[in-house]
Structures are given as C-alpha cells and as structure tokens.
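The values are calculated or read from the model by the stated rules, or taken from the named source; none is laboratory data. Just so it is clear, the model here is predicted, and its values are computed rather than measured. When we count neighbours, we look across all protein chains shown, and the Cβ atoms used for this are built from the backbone with ideal geometry, even at glycine. Areas reflect the complete protein model, heavy atoms only, side chains present, ligands, DNA and RNA absent. Shrake-Rupley method; radii C 1.70, N 1.55, O 1.52, S 1.80 Å.
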2 protein chains.
Amino acid sequence: MDRAKFILDEEDMPTAWYNIQADLPEPLPPLLHPATKEPTILPPPLFVEALNEQEFSTERWIDVPEEVQEIYRTWRPTILHRAHRLEKALDTPAKIFYKYEGTSQGGSHKPNTAVAQAYYNKQAGVKRIATETGAGQWGSALSMGCMFFGLELKVYMVRISYNQKPYRRILMETWGATCVASPSEDTNIGRTILGQDPDSPGSLGMAISEAVEDAATHDDTRYSLGSVLNHVLLHNTVNGLETKKLMEEQADTYPDIIVGCVGGGSNFAGMFLPFVKDKIDGTRPDLRIICVEPTSCPTLTKGPLAWDFGDVAGMAPIAFMNTLGHGFIPPPVHAGGLRYHGMAPIICHLRKLGLIEATAVPQMATFEAGVTFARSEGILSAPETNHAIRVTIDEALKCKQTGESKTILLAHSGHGHFDLAAYDAYLSGKLEDYDYPEEKVKEALASLPQVDR
Amino acid sequence: MDRAKFILDEEDMPTAWYNIQADLPEPLPPLLHPATKEPTILPPPLFVEALNEQEFSTERWIDVPEEVQEIYRTWRPTILHRAHRLEKALDTPAKIFYKYEGTSQGGSHKPNTAVAQAYYNKQAGVKRIATETGAGQWGSALSMGCMFFGLELKVYMVRISYNQKPYRRILMETWGATCVASPSEDTNIGRTILGQDPDSPGSLGMAISEAVEDAATHDDTRYSLGSVLNHVLLHNTVNGLETKKLMEEQADTYPDIIVGCVGGGSNFAGMFLPFVKDKIDGTRPDLRIICVEPTSCPTLTKGPLAWDFGDVAGMAPIAFMNTLGHGFIPPPVHAGGLRYHGMAPIICHLRKLGLIEATAVPQMATFEAGVTFARSEGILSAPETNHAIRVTIDEALKCKQTGESKTILLAHSGHGHFDLAAYDAYLSGKLEDYDYPEEKVKEALASLPQVDR
C-alpha cells in the first residue's frame with residue numbers, strides 16, 4: 001500500500017503568500033467607487049493600509065509575518081491524504097488526493113485569512129473589529145483570529161441563524177467575541193429595520209450594513225471580510241503552496257485535475273492559485289481546474305460577467321465579476337457558504353481567460369457524495385465541501401469508464417460537525433433540490449449598476 | 001521559538017500494542033462469573049476468542065494487524081503539540097505538551113479500539129455487533145469502526161440523550177449504523193420496561209441489558225464495550241507509544257508529569273501504560289502519573305477497592321476495582337464519559353501498587369480551564385478533557401510559584417464540537433457544581449456482591 005498521508009515539516013512551511021497578480025496575462029479590472037463609479041481603493045475607514053496594499057500589489061511573493069506564521073503553526077501545515085478507500089469504493093483507477101483544512105481550530109480554511117487580518121489590524125493600532133456572519137463560519141474563524149491577537153470582536157449574525165444554529169455562536173463566545181442577532185438595537189440601521197419590523201429574520205445584506213456602520217462610526221474599529229477580496233485569496237494561498245510542495249516533493253506526482261467548491265472563492269483560489277501559475281507559464285498546459293457551485297446559486301455557470309456591487313445594499317465597491325445580481329437572494333441550501341450572488345474577481349478573470357472552468361451540481365447529489373466519502377474515508381464533510389466531492393467522484397468514475405489513471409486533487413475545505421441537521425434531513429428523505437430560480441435572477445440582473453467602461 | 005508540533009512518519013508508527021500485563025510486579029486479580037463467583041473469561045456468546053485471548057494475555061507486544069494499521073493511517077499518527085501559547089498565558093516556566101486525539105474522524109481516542117474490535121469480529125465471521133451508548137461517543141466511534149469493515153451495527157442509545165442530543169445519533173447513521181432509543185421495542189427487556197413505564201427516559205444500565213440481550217439472542221451478533229476491559233486499554237496504547245517516541249526522539253525530552261482524565265480509563269491508560277513501564281523497571285522513578293476524575297463521581301479518590309459488577313444490572317463479570325457501587329447513578333455532569341461507577345482494573349491495580357495517583361476536580365473549574373485552553377491554544381475541548389486540562393494548568397501554576405521548569409504531558413482525548421451547549425451554560429452563568437453524593441454512594445456500596453476471596 002502506498003502512503004496514506006503527506007505532511008510538511010514545520011521548517012518547510014511557506015513563509016510567503018503567492019500573489020497571482022504578478023503573473024496574470026492581463027491585469028485585473030479596478031474596483032469602482034459605488035457612488036462615483038471611478039476606480040477606488042478599499043474604504044480606509046473600513047480597511048487598514050496594509051490590507052489595501054496587498055489588495056492591489058503586483059509583487060509575486062508577500063512575506064507571512066513571523067507572528068502569523070507562529071499562529072499558523074498551531075494547526076498548519078495540514079495533511080494531504082491519499083483517498084485509497086474512496087478509490088476502492090468507486091473501483092476507479094484514478095488516484096484521488098485531498099488536502100483537509102478541517103483540522104484548524106475553526107474547522108475550515110477560513111482561519112488562514114482571519115489570523116492574517118487580525119494581525120494587520122493589530123499592527124495598525126486597531127483595537128476592535130466588526131464583521132457580519134451568516135451561519136457563523138466566518139464569525140467563528142475571525143473570533144479565533146482576534147482571540148490570538150487580543151482584539152475585541154463584534155459579530156452581527158443573521159437573526160434566523162442566531163436563533164436556529166446556536167453552535168457557532170457559542171464557539172465565538174468561547175473564544176471571547178461578542179455576537180448579536182442582526183438586525184440589532186446596536187446600530188442606526190438595525191434600529192430602523194426593527195422599527196419597521198420587530199420580527200425581522202435578518203439577512204446577510206442587513207448584517208453587512210450593521211457591521212460597516214459599526215466600523216465607520218467607531219474610531220478604534222475596522223471592518224473585515226472573509227472572502228471575495230484579493231487579499232483574502234492571497235492569505236489562503238498558504239494552503240495551495242503547502243499542497244504543491246507535498247504533491248511534487250513527497251507524493252512525486254502532479255494533479256491532472258483540481259476540484260474545489262466556490263462561494264466567494266477564497267477556499268478554492270487558495271488551493272489552485274499556486275498551480276494555475278504553471279498553466280499560465282505553459283509548464284502544465286493540460287491541467288484542469290474545476291470550480292463547483294450549487295445549481296441553485298450558479299454564479300459562474302449562469303451569471304454574466306458584469307459590474308456589480310459586492311453587497312446587497314449597494315454600499316460596497318463595484319467589482320467586475322460574474323454575478324446573479326446583488327439583489328438576488330439564493331434558495332436556502334445547506335451550503336450557506338456558497339450562497340453569494342457574486343464571485344471573487346480573480347476567479348472570474350481567470351475563467352474569462354480560459355485558465356479555469358466551472359460546473360454546477362444539485363444539493364441532493366452533493367449529500368449523496370458526502371455520505372459516500374464519510375463511508376469510505378470516515379470524514380464527515382461540510383455541505384460546501386460536498387459539492388467538490390461530488391465532482392471529484394464524477395471525474396473518478398469517468399476514469400473507471402475510460403481506464404485512465406488520472407490524478408485528482410480535491411480541496412477539502414472543512415468538516416461538517418455543525419451541519420449534522422442537514423445530514424439528518426438527507427438520510428431521512430427530507431432533503432430537497434431547488435430549481436434554478438431563473439425569474440428571480442432575471443429580475444436581480446435588471447438592477448445592475450450602470451457603468452460606462 | 002521551539003517547534004510547535006511533532007508528528008511521526010507513517011513508517012515509524014507502532015506496529016504492536018503494548019501489553020502491561022507482561023510487566024506488572026504482581027498479576028491482575030481475575031474476573032469472576034456474576035453467578036458462580038469463580039474466575040471466568042469474557043462470555044463467549046458476547047466476545048470473540050481473539051479479544052478474550054488479548055484480555056488475559058501476558059505477552060508484552062501484540063501485533064497490530066496490517067488491516068487495522070491501514071485504517072489507523074486514515075487519521076493516525078496524531079500530533080504532539082507544544083502548548084507555547086498556554087504557557088505564555090499562564091506565565092509559567094513549565095513546558096506543556098499535549099497529544100491531541102480529536103483529529104480522528106470520530107473526534108476522540110475511541111476509534112483506536114473501535115477499529116480493532118470491528119476487525120477481530122469480522123475475522124471471526126461475525127456479521128453484526130450490538131452495543132450501547134450514553135451521549136453517543138462510543139456509539140459513533142464503533143459506527144466508524146464497523147463502517148470500515150463492512151459490519152452491521154445496532155446501537156442502543158439512552159432515550160433521554162437520543163432525544164436531547166441528536167448530533168451523535170446522526171453521525172452514527174451517516175456511517176451506516178442503526179441507532180434506536182433505549183428502552184426499545186426491539187428486545188424483551190426493553191418491552192418489559194416500556195410495559196411498566198412507556199415514558200422511561202432510559203439509563204446506561206438498561207441500554208447495556210438491551211445490547212447484551214441482542215447479542216446473546218442473535219447467532220451472527222457479538223457485543224462490544226468501549227472502555228474498562230484490558231483489551232480496550234491495550235488497543236489504546238497505540239497513542240502512548242506514538243507519544244513516547246515523539247517525546248524522546250523528536251522533542252528530546254521526557255515528561256515529569258503525565259495528566260489525563262479517567263471515566264472507564266481507556267483514554268488515559270492508552271497514554272500512560274508505555275510510560276509506567278519505565279517506572280516499574282526503575283528507569284524513571286520520579287515520573288508522576290495523575291488520573292483526574294470529577295468530584296461528583298470520584299471512583300478512585302473516594303471509592304474502595306472491592307469486588308463489584310461491571311454493569312448496573314449485575315449481569316456482567318465481577319471485577320476487583322475501585323467502585324462507588326454498581327447501583328450508583330452519578331449526577332448529570334456534562335462529562336458523560338466520566339460518569340461510571342467503576343474503573344478499569346488495570347488502573348486500580350497500578351494505583352494500589354503506588355505507580356499512579358488520582359485527584360478529583362469540580363465541574364465549574366474544569367470549564368474555566370477549558371475556556372483558558374480555547375483562548376490560548378484555540379482548541380475547544382471535550383468536557384472530559386477539560387478535567388485533565390484543569391490539573392495541567394494547576395501543575396503549571398505550581399511551577400510558576402516554585403520556578404521549576406517541569407515538563408507536563410497532557411493526554412488530550414478529543415474535541416467538544418458536540419458539547420457546545422455545556423460551554424453555553426458555563427459562559428452564561430448557568431452551569432453548576434454538584435456536591436459529592438456521599439449518602440447515595442454509601443447506599444450503593446451496601447449492595448456490593450459478596451465474594452470470599
């Protein structure tokens with residue numbers, strides 16, 4: 001039997017993040033100011049200078065500060081697994097590898113950027129951060145990041161999730177953060193909404209507005225975002241760099257196909273960016289990189305490449321990205337992290353350039369794949385990750401038909417320990433697929449901002 | 001900064017379990033038949049021969065079968081962490097290490113024996129296993145073990161936990177096991193109890209009786225126990241062997257103190273048995289090994305060393321162990337895995353010989369320690385583990401007073417992802433301590449079986 005696991009020595013861990021902007025065949029379009037529609041930086045009342053520099057830098061390597069490396073070492077490097085048992089269950093000649101980010105204390109890839117963002121805010125003298133969270137993944141990761149650097153954190157959590165999913169709220173509180181249900185009495189916008197509807201269930205759009213107001217109205221406070229932006233993807237490349245080194249130097253191989261799920265894009269870009277470089281420079285022209293999204297929120301596969309607001313309220317900068325319209329509210333699939341109307345501009349740009357591809361899968365099929373994975377590899381995966389597992393299995397089954405022994409690398413973003421109710425629904429036959437909400441998307445796309453560029 | 005983590009190469013993993021029975025200064029007392037009170041083996045209708053052989057073997061090394069090693073490699077070896085950040089938070093000169101078993105797919109040490117037991121049952125032609133579970137830790141670990149070897153599993157889960165704590169039930173079902181609330185309609189004893197009280201909340205004693213009846217009345221079925229017995233402790237030594245090698249060969253040190261929590265004893269014995277050997281043979285006379293239990297269920301610190309039944313109903317073999325009486329029902333502390341009236345005979349025997357020591361801590365203090373750990377190392381620990389963390393912190397604080405730089409090794413048995421409600425209770429001031437139930441213990445001890453030995 002070949003090895004089942006590969007892990008770097010601590011001293012071989014990456015000491016710099018990889019910045020794809022140094023190697024893009026054509027540069028990224030700018031961000032635009034939501035009102036003037038002129039190129040803009042990230043609003044300084046919300047983001048510290050160091051993160052703004054990273055957002056627009058074209059330096060290829062950006063040093064990971066020693067203090068961030070030290071925290072990374074509390075859970076990194078993470079393990080690259082060879083999925084021998086899944087291969088056997090599928091009876092496929094494909095070689096399946098997965099890099100598992102679920103062993104971070106937060107349970108997913110999100111601490112990779114949470115720790116870095118907390119560090120740069122601390123360095124800039126910021127005392128406190130405000131952020132929003134839907135089901136709680138990002139809020140809990142940033143709680144962990146802020147805990148490590150002694151920063152206060154206020155999390156505005158969508159009220160319906162706050163009430164229905166207390167577990168991640170308790171995680172945040174255990175790490176010392178303050179978490180309130182949004183809309184809250186703590187902001188003007190929250191009070192206004194509650195004034196109109198005291199029973200408002202909240203939404204991610206409302207929670208963003210509250211967190212932004214909080215940061216904008218407190219001198220010592222900045223805002224933090226867990227995906228989409230360039231600096232967030234940058235921080236996540238620590239995972240792809242580890243994986244590439246392990247594949248090449250320990251497993252003595254290189255992937256034919258890399259598969260990952262995309263919501264805002266930070267998990268999968270963190271994995272594939274160091275590999276896509278080999279495709280850009282012509283070293284690996286045949287490498288396939290597959291982004292997987294839900295059929296009910298098919299940003300890349302159905303959304304046009306257009307100028308749109310990053311947030312629902314139209315207060316965030318305008319980005320050039322695939323979008324279903326900033327007013328689009330996706331169906332309530334269990335993969336909460338994939339319910340975003342837009343996509344990281346870097347991912348959209350690489351797709352436009354033909355360097356990566358995208359596909360969409362329905363919810364039921366993703367849980368079927370997740371159960372197959374749990375019953376072979378043992379790990380119970382997050383609903384988001386199950387999307388990538390679905391396509392990994394499909395590609396491995398194609399190999400079975402053709403007899404090809406392709407090497408497939410799965411970016412496994414995290415565990416599903418706080419998503420067991422979704423597994424229960426699937427196993428008891430209560431889970432449903434959602435149709436692609438074509439009419440709703442058409443409606444949302446009618447309200448894109450007018451940009452003359 | 002010294003290294004933060006230590007991990008073995010797969011090829012350096014232990015290939016044999018360590019059997020302490022080869023090195024005991026005096027042999028263990030026998031198990032006695034519950035009716036005849038004569039020495040007995042484990043009842044063959046319930047346990048396969050290979051496990052019975054291991055239960056009484058005095059061979060020092062027992063090979064880990066290649067198929068078990070292969071499954072171990074899906075999560076083992078586990079990582080030895082240096083708790084730099086906890087040391088800093090405590091401002092102690094002590095060096096704190098912890099071996100973390102929470103990265104197993106089941107989230108604790110329990111798969112170490114679950115996988116081995118499933119293997120030996122499969123080898124013996126058994127098709128199906130029956131077991132009981134309280135809050136679900138053991139049931140979920142054995143579900144994982146049976147999944148890996150294609151065995152059917154029926155889990156009788158105490159009804160009140162089945163209703164209140166659905167998460168581990170869903171885990172079991174995801175891995176393919178059948179889990180029913182106990183008392184159930186599926187056994188004679190279950191039907192009898194339900195006939196008398198249709199709303200019975202169940203108890204571990206009832207669930208054991210149902211699982212034993214199930215195994216005894218189905219030809220293809222055996223029973224499985226997750227702690228206490230010698231073969232269970234044996235399988236867990238894989239962890240202690242890994243740790244000892246890492247401490248000596250990678251961290252270049254040796255513990256002055258080893259700390260772990262004890263319920264039935266399998267987690268902590270799995271860690272310390274390979275070390276206690278050095279104390280028996282005189283190599284490390286000063287090594288301290290501290291068993292930590294709850295003050296509300298203080299088996300080692302308050303219970304006499306006596307002959308008592310392993311189960312509540314008095315149907316299991318009689319063991320010579322520290323006990324609070326088989327009829328004792330401990331207060332409902334959140335550390336469900338530490339709520340057992342007895343203790344592994346191996347642990348009681350080593351304690352009698354003066355080779356290990358024991359202490360008890362109250363619930364509130366354990367959660368305070370768990371939150372300190374989460375806010376320094378990041379990991380949210382199981383309530384059971386928090387008992388060991390409490391004493392680790394106390395010993396480190398003693399070093400701060402004396403200026404000694406002792407090396408403390410913590411056996412970290414698992415994560416608390418399914419115990420967040422307990423953290424919520426603690427953080428919101430709703431958690432309580434329980435007094436030592438002295439009268440109840442006195443009552444339970446009055447009903448020990450009469451044994452003339």
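Things to note:
- Scan of the stretch A:271-323 for residues that are of a type in the set (Ser, Thr, Tyr) and open to solvent by less than 20 Å² (accessible area, probe 1.4 Å), ordered by number: A:296, A:299, A:323
- Within the stretch A:9-42, tally of residues that are modelled with pLDDT under 95 and open to solvent by less than 60 Å² (accessible area, probe 1.4 Å): 2
- Residue in the stretch A:329-344 that is among the small types (Gly, Ala, Ser) and assigned to a helix (DSSP H, G or I) present: yes
- Selection count where residues are touching a strand residue (DSSP E or B) at 6+ places or on another chain (Cβ under 6 Å), among the aliphatic types (A, V, I, L, M) and open to solvent by 20 Å² or more (accessible area, probe 1.4 Å), scope the stretch B:62-98: 2
- Remark: residue B:283 matches the filter, which requires a residue to be over 21 Å from the mean Cα position of the chain (by Cα) and either assigned by TED's automatic domain parsing to the domain that holds residue B:208 or among the hydroxyl-bearing types (Ser, Thr, Tyr) (or both).
- The listed residues are A:124, A:135, and the only one of them that is in contact (Cβ under 8 Å) with a residue 12 or more places away in the chain and closer than 19 Å to residue A:418 by Cβ turns out to be A:135.
- If you go through the stretch B:411-453 and keep only what is surrounded by 14 or more Cβ atoms within 10 Å (Cβ to Cβ), more than 23 Å from the chain's Cα centre (by Cα) and under 30 Å from residue B:81 (Cβ atoms), you end up with B:424, B:425, B:426, B:427, B:431.
- Residue in the stretch A:157-165 that is modelled with pLDDT of 95 or more, surrounded by 24 or more Cβ atoms within 10 Å (Cβ to Cβ) and not basic (Lys, Arg) present: yes
- Some residue of the stretch B:426-439 being out of contact with any Leu (no Cβ under 7 Å at 6 or more places or on another chain), part of a helix (DSSP H, G or I) and in the same structural domain as residue B:265 (by TED's automatic domain parsing): yes
- Taking residues in the stretch B:326-348 that are among the aromatic types (Phe, Trp, Tyr), and partners anywhere that are surrounded by 24 or more Cβ atoms within 10 Å (Cβ to Cβ), the pairs with Cβ atoms closer than 6 Å and at least 6 places apart or on different chains are B:328/B:341; B:340/B:263; B:340/B:264.
- Among residues of the stretch A:158-188, those that are within 14 Å of chain B (Cβ to nearest Cβ) and not in a helix (DSSP H, G or I), counted: 6
- Restricting attention to the stretch A:61-107, the residues that are facing chain B (nearest Cβ under 10 Å), assigned to a loop (DSSP other than H, G, I, E, B) and within 18 Å of residue A:371 (Cβ to Cβ) add up to 2.
- Counted residues, the stretch A:77-134 - those being over 30 Å from residue A:203 (Cα atoms) and not assigned by TED's automatic domain parsing to the domain that holds residue A:385: 3
- If you go through the stretch B:234-270 and keep only what is in a helix (DSSP H, G or I), surrounded by fewer than 24 Cβ atoms within 10 Å (Cβ to Cβ) and among the acidic types (Asp, Glu), you end up with B:248, B:249.
- When residues in the stretch B:334-348 are screened for being at pLDDT 95 or above and either within 14 Å of another protein chain (Cβ to nearest Cβ) or out of contact with any strand residue (DSSP E or B) (no Cβ under 8 Å at 6 or more places or on another chain) (or both), 1 of them pass.
- Residues located in the stretch B:350-384, provided they are part of a helix (DSSP H, G or I), open to solvent by 10 Å² or more (accessible area, probe 1.4 Å) and more than 13 Å from chain A (Cβ to nearest Cβ): B:351, B:352, B:363, B:364, B:365, B:384
- From A:59, A:101, residue being open to solvent by less than 20 Å² (accessible area, probe 1.4 Å) and touching a residue at least 40 places away in the same chain (Cβ under 8 Å): A:101
- Residues in the stretch A:89-114 that are among the acidic types (Asp, Glu) and farther than 25 Å from residue A:19 by Cβ: A:91 alone.
- Scope the stretch A:1-24; condition under 24 Å from the mean Cα position of the chain (by Cα) and either among the basic types (Lys, Arg) or away from chain B (no Cβ under 14 Å) (or both); matching residues: A:14, A:16, A:17, A:18, A:19, A:20, A:21, A:22, A:23, A:24
- Looking only at residues of the stretch B:140-156 that are in a helix (DSSP H, G or I) and open to solvent by less than 10 Å² (accessible area, probe 1.4 Å), we find that the one that is nearest to the other protein chains (Cβ to nearest Cβ) is B:144.
- Looking only at the stretch A:389-425, and only at residues there that are away from every other protein chain (no Cβ under 14 Å) and in a loop (DSSP other than H, G, I, E, B), the one that is farthest from residue A:104 (Cα to Cα): A:403
- Residues that are open to solvent by 20 Å² or more (accessible area, probe 1.4 Å) and of a type in the set (S, T, N, Q) were ranked within the stretch B:189-203; the one that is nearest to the other protein chains (Cβ to nearest Cβ) is B:203.
- The residues on offer are A:240, A:265, and the sole one that is modelled with pLDDT of 95 or more and on the phi > 0 side of the Ramachandran plot is A:265.
- A residue that is surrounded by 24 or more Cβ atoms within 10 Å (Cβ to Cβ), within 13 Å of chain B (Cβ to nearest Cβ) and in a helix (DSSP H, G or I) occurs nowhere in the stretch A:126-139.
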